[in-house]
């Protein structure tokens, strides 16, 4: 089993970016440009590595290779995005890898592109790239090229060696367990062993709501691979497990005018097999709450008026400041009730929400995360 933290270190130690490996400070697949560039790199790495895995490491400074990290990214529907825009799409996996020196809410993103036979290309236009475009790696750059020769397998031996030197061992596992138990000592940390092989650590702050047990500030890690499977500071989750699987149901709190309710968002089931493999299946459970259109029109117009004031740097009164705190969630509800422009308005508000407070910016990112899950399901 590959220790993903070791793998990232070994990739970073392999000189510079290459035809099997890329690194990024961050990616933004919520914006059209960021989505297009991400798809271009996936396409190029898949075409340049028909016999071996290729990788993108996210959360690394380009100048000095320093690991600065990115937000936990739990978009389990990323394969749906790949399938929607690429012909002959490769299997792509996004994993969140914790590093001890990073804050709790930061990880390094690891994108693994599995080898696939045949040519991968863009299925349709996106941003400045045309449908039918084919990309390859030219050194450390993803470039459009005309495909007229057979791709030579030049990276398999190098990648195999890197992966071999990234294998997990007992010491790494034990160190990972003790580190997790120490780090999360205020949130009831515990470890579970599945199939005498997999070690899963989890912690969370317990709360009881209407006779049901929820957890917040949940952190779940598969220690064997040094992969963070789940992390949340805002949402509530329920957790169940048996000898074969670990099950997480995530809830989001939504509502209007101080009348909020918990809605199930997504179920994640991690099943462990006897042959030392595991698989993760996610299922979207979310059903959008529906509200009176007249009420929503009033809220939507109020949000738009606040946004215009922010753009013009005009002061907000006390009521507007209170409404601003709910702006990400109310724009989300408006969109889910067929106010299609609400997403554009929410994106316009991003820099102002970020400047206002980290808490409000966190609510903005949470709203976008829910939208992303709903869109690609």
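Among 225, 348, 266, which one shows the biggest mean-square fluctuation in a GNM of the chain, springs joining Cα atoms closer than 10 Å?
Checking each option, the largest mean-square fluctuation is seen for 348.
Is it possible to state the helix-based mean residue ellipticity at 222 nm for the chain, with each DSSP H run of 4+ residues giving -39500 (n - 2.57), the sum divided by total residues, to the nearest 500 deg cm²/dmol? What is it?
Roughly -10500 deg cm²/dmol at 222 nm, from the helical runs in the chain.
Tell me, 31, 236 in order of fewest to most beta-carbon neighbours within 10 Å?
31, 236
If I build a Gaussian network model for the chain, linking alpha-carbon pairs within less than 10 angstrom, which residue out of 188, 137, 23 has the largest mean-square fluctuation?
Among 188, 137, 23, the largest mean-square fluctuation in the Gaussian network model of the chain belongs to 188.
Please report how far the C-alpha centroid of the range 220-298 lies from that of the range 103-119, rounded to the nearest whole angstrom.
Rounded to whole Å, the Cα centres lie 21 Å apart.
For the chain, modelled as a Gaussian network with Cα springs under 10 Å, which listed residue fluctuates most, 316, 174, 45?
Top of the fluctuation ranking is 316.
Just how far, in whole angstrom, is the range 1-30 from the range 65-101 if you go by their alpha carbon centroids?
The range 65-101 and the range 1-30 have Cα centres separated by 11 Å.
Would you mind ranking 202, 127 by Cβ crowding within 10 Å, fewest neighbours first? The partial results should precede the final answer.
Numbers: 202 23, 127 14.
Least to most surrounded, the residues fall as 127, 202.
With everything on Cα atoms, drop me the angle between helix 32-48 and the longest principal axis of the chain, reported from 0 to 90° to the nearest 10.
Helix 32-48 sits roughly 20 degrees off the main axis of the chain.
Classify the range 293-375: rounded, prolate or oblate, from the alpha-carbon gyration tensor (a ≥ b ≥ c, eigenvalue square roots; a/c under 1.5 rounded; otherwise prolate if a/b is larger than b/c)? Don't skip to the end; give the middle numbers.
Details: a/c = 1.86, a/b = 1.22, b/c = 1.52.
It is oblate, given that a/c is not under 1.5 and a/b is not larger than b/c.
Please list log₁₀ I(q)/I(0) at q = 0.15 Å⁻¹ for the range 187-244, using the Debye equation with identical point scatterers on the alpha-carbon positions.
Each listed q corresponds, in turn, to -0.46.
Could you work out the pair-distance distribution P(r) of the range 4-164 from its alpha-carbon pairs, with 5 angstrom bin width and percents rounded to whole numbers?
Histogramming the range 4-164 at 5 Å steps yields 2, 9, 19, 23, 21, 15, 8, 2, 0, 0 percent.
Consider the candidate values [x] 22.6; [y] 24.5; [z] 21.9; state which one is Kirkwood radius over Cα pairs in Å computed from the structure displayed.
[x]
Rank these for me by crowding, 325, 128, going from fewest to most other beta carbons within 10 Å.
128, 325
Laboratory data are not the source of any read-out in this text; all were calculated from the coordinates shown. None of the values given here were measured: they were computed from a predicted structure. Positions of Cβ are backbone-derived with ideal geometry, glycine not excepted, and every protein chain shown enters the neighbour counts.
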